[in-house]
Amino acid sequence: MGIADPAGDAPRLGVGIMANLAIAPFVCAPGAVDYVAVTPDMFWTDRGRSGGSGAQRFTDVAAWVAMLDDARLPTVSHHIGLSIASAVPTDHGYVAQMAAWAERWDASWISEHLAFVAISDGDGPAAAGLALTAPFDLDVLDLAVERASYVREETGRPFLLENSPYYVAFEDSDLSEADFLNRFCDLSGSGLLLDLHNLYCNTVNHHFCGHRFLDHLDLTRVIEVHIANGSELGGMYADSHSGAPPEPVWALLDDLVSRAPNLRGITFEFHDSYLPLIGFEGIAGVIARARKAWSRRI
Ligand SMILES: [Fe+2]
């Protein structure tokens with residue numbers, strides 16, 4: 001096993017929410033949440049790999065950045081563009097921007113999904129336009145470990161890998177999902193962002209027990225948790241971030257907080273299109289229930 005606590009001296013933040021502009025009044029209300037999880041890719045315009053470097057390539061989206069200025073809360077960076085499991089060359093300009101953003105907002109840690117969005121179109125790297133599922137294979141593990149180590153070096157901050165929902169099963173993967181995540185943490189010195197709703201999606205679609213899954217995971221690596229809701233789509237259960245988490249996700253959270261000694265944050269994720277259904281009162285209810293779970297952590 002590698003280091004026991006992959007987040008070092010990062011603070012225990014408490015209960016936070018994934019930022020989006022629709023909930024700016026809630027996020028900016030004093031005491032509403034303890035921190036804000038930020039997908040930096042939503043806060044900038046990226047002209048792509050050929051778009052120069054630094055400020056030439058990346059420019060702020062002013063209204064979104066103003067929300068962070070107003071909120072004055074601790075932040076964590078939750079990226080969607082690193083493409084950690086991609087076979088195309090690493091986007092060094094993107095990693096430099098990850099570092100600059102984390103420095104600017106003093107992000108307590110940086111995370112990314114186990115997925116890939118960069119593909120080759122024959123002329124070089126191209127964006128797939130959505131996150132593609134990565135199989136739990138040893139060559140994917142090598143790619144992810146190398147990129148995570150590079151990000152840690154370049155940013156000087158803890159790195160967390162998030163488990164993804166998968167809508168097709170990889171019958172011939174080299175490793176189980178839990179083995180893949182455990183080995184990734186050991187080899188890269190990184191931690192886990194355990195998305196309990198992604199886990200729940202996988203238990204529904206692939207018929208296994210989420211609590212047993214936790215038995216096989218090295219829970220000392222879990223630094224942050226995501227909670228969310230989903231919806232039925234085409235005969236599958238999808239991670240649509242549709243509102244207050246369902247009861248099985250709360251049960252997984254209760255189980256996890258009693259077993260994850262290095263947990264530092266619980267983040268509520270929901271998509272802004274569902275705001276009319278949940279409302280600010282509904283969001284406050286989710287945060288209050290998450291705070292109860294947080295108070296029971298070990
Ligand atoms: Fe998530």
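Assorted remarks:
- Residue that is surrounded by fewer than 20 Cβ atoms within 10 Å (Cβ to Cβ) and free of Cβ contacts under 8 Å to residues at least 24 places away in the same chain, where the choices are S258, S231: S231
- Residue check, L130 within 16 Å of the ligand (Cβ to nearest atom) and either among the acidic types (D, E) or surrounded by fewer than 19 Cβ atoms within 10 Å (Cβ to Cβ) (or both): yes
- Complete set of residues in the stretch 16-55 that are among the polar types (S, T, N, Q) and farther than 20 Å from A228 by Cα: T45, S50, S53
- Just one of the listed residues (R212, R259) is more than 21 Å from Y35 (Cα to Cα) and part of a loop (DSSP other than H, G, I, E, B), namely R259.
- Residue satisfying all of: in the stretch 261-278; more than 25 Å from S295 (Cα to Cα) and away from the ligand (no atom under 16 Å from the Cβ); most open to solvent (accessible area, probe 1.4 Å) among these: L277
- Residues satisfying the stated conditions in the stretch 17-57, i.e. of a type outside the set (F, W, Y), at pLDDT 95 or above and in contact with a Pro (Cβ under 8 Å, 6 or more places away or on another chain): D34, V36
- The condition (being over 15 Å from the mean Cα position of the chain (by Cα), small (G, A, S), open to solvent by 30 Å² or more (accessible area, probe 1.4 Å) and within 16 Å of the ligand (Cβ to nearest atom)) is satisfied by just one residue among A244, A238, A251: A244.
- Residue within the stretch 138-158 that is surrounded by 15 or more Cβ atoms within 10 Å (Cβ to Cβ), within 16 Å of the ligand (Cβ to nearest atom), at pLDDT 95 or above and farther than 24 Å from P261 by Cβ present: no
- Selection status of V61, more than 20 Å from L192 (Cβ to Cβ) and in contact with a strand residue (DSSP E or B) (Cβ under 7 Å, 6 or more places away or on another chain): yes
- Options S83, S50: the member that is surrounded by 13 or more Cβ atoms within 10 Å (Cβ to Cβ), among the polar types (S, T, N, Q) and in a loop (DSSP other than H, G, I, E, B): S83
- Close pairs from the stretch 265-281: first over 15 Å from M42 (Cβ atoms), partner open to solvent by 20 Å² or more (accessible area, probe 1.4 Å) and of a type in the set (G, A, S), Cβ under 6 Å, at least 6 apart: Y274/S242; L275/A22
- Out of A32, A22, A4, A10, sole residue that is in a loop (DSSP other than H, G, I, E, B) and surrounded by fewer than 18 Cβ atoms within 10 Å (Cβ to Cβ): A4
- Top-ranked residue of the stretch 160-200 - restricted to ones that are among the charged types (D, E, K, R) and open to solvent by less than 30 Å² (accessible area, probe 1.4 Å), ranked as nearest to the ligand (Cβ to nearest atom): D195
- Restricting the first member to the stretch 72-92 and to residues that are at positive phi, and the second to residues that are open to solvent by less than 20 Å² (accessible area, probe 1.4 Å), the beta-carbon pairs closer than 9 Å and six or more apart or on different chains are S83/Y94; S83/E112; S83/A115; S83/A118; S83/R147.
- Of residues in the stretch 90-125 being closer than 22 Å to G191 by Cβ and among the acidic types (D, E), the one surrounded by the fewest Cβ atoms within 10 Å (Cβ to Cβ): D106
The values are calculated or read from the model by the stated rules, or taken from the named source; none is laboratory data. Predicted model, so just to flag it, every value in this text is computed and none were measured. Neighbour counts are summed over all protein chains in view; Cβ atoms, including those assigned to glycine, are modelled from backbone coordinates with ideal geometry. To get the accessible areas, we keep the full protein, side chains included, count just its heavy atoms, and leave off ligands, DNA and RNA. Shrake-Rupley method; radii C 1.70, N 1.55, O 1.52, S 1.80 Å.
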